Amino acid sequence: MNYNPEYILNNLIDNLEGSNAHVTFEDAVANLNPVYRTKIYGELPYSIWQLVEHIRIAQWDIVEFSTSSAHQSPQWPEGYWPNPTSEISEQQWQTSLQQIKDDRSRFIDLLRTNRNHLFTAFPYGDGQHLFKEALLIIDHTSYHTGEILLLRRLFNDWA
């Protein structure tokens, strides 16, 4: 087994961008009927829109934290979860999806730039490092992508 920095970097990027055993975030939200974006199913506490925004906010926070000791994270939990709404515009939807993609690209660029220091603790925080933050993005996005897929199935909007 090869554990050089390039090998680790390539595997992290593959998991950030690829699907491997899971559906990608992009595939999970593709062709979603707009009527289901803000609809809350039954007694569940959130809509697909709220999940998308939560993914966006959390990923943005991780990227910003990974680049600056001056970054102030939003207040938990209210700063990470949007309030329910009955309607969002196509522009809001597309902007959120684009920011998720852009922030993921920024994080991948950060990984590439620091490929030889993936395990070096940030000089701030509680021992976090790029490898740990990459795993956090992968895990968090995957978890909530699964929830999006479940909602789409419950809405009968997933083939």
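Compared with the rule-of-thumb size 2.2 N^0.38 Å for a compact globular protein, the range 86-159 has a Cα radius of gyration ratio of 1.46. List the residues, sorted by chain then number, that are 5 or more residues from Ile40 or on another chain and whose placed amide H is less than 5 Å from its amide H. Excluding prolines and chain starts, which carry no amide H, there are no hits. Here the 3J(HN,Hα) profile of the range 49-57, calculated from phi with Karplus coefficients 6.51, -1.76 and 1.60 at θ = phi - 60°, is 4, 5, 5, 4, 5, 4, 4, 4, 5 Hz, Gly and Pro shown as x. At 4 °C and a viscosity of 1.567 mPa s, what translational diffusion coefficient does Stokes-Einstein give for the chain, taking Rh as the Kirkwood radius over Cα pairs? Give it in µm²/s as a whole number. Estimated diffusion coefficient is 77 µm²/s.
Over the residues of the chain, the helix contribution to mean residue ellipticity at 222 nm works out to -18500 deg cm²/dmol, using -39500 (n - 2.57) for each DSSP H run of at least 4. Per the Debye calculation on the range 38-100 with a single equal scatterer at every Cα and no solvent contribution, log₁₀ I(q)/I(0) for q = 0.13, 0.15, 0.27 Å⁻¹ amounts to -0.39, -0.51, -1.18. Near Thr145: Cβ cut-off under 10 Å, other residues only, Lys/Arg at +1 and Asp/Glu at -1. The net charge is -3.
Rule-based calculations on the coordinates, nothing more; no lab input. Treat the numbers as computed from the prediction; the structure is a model and nothing was measured. Counting neighbours? That spans all protein chains shown, and the Cβs are built from the backbone with ideal geometry, glycine included.
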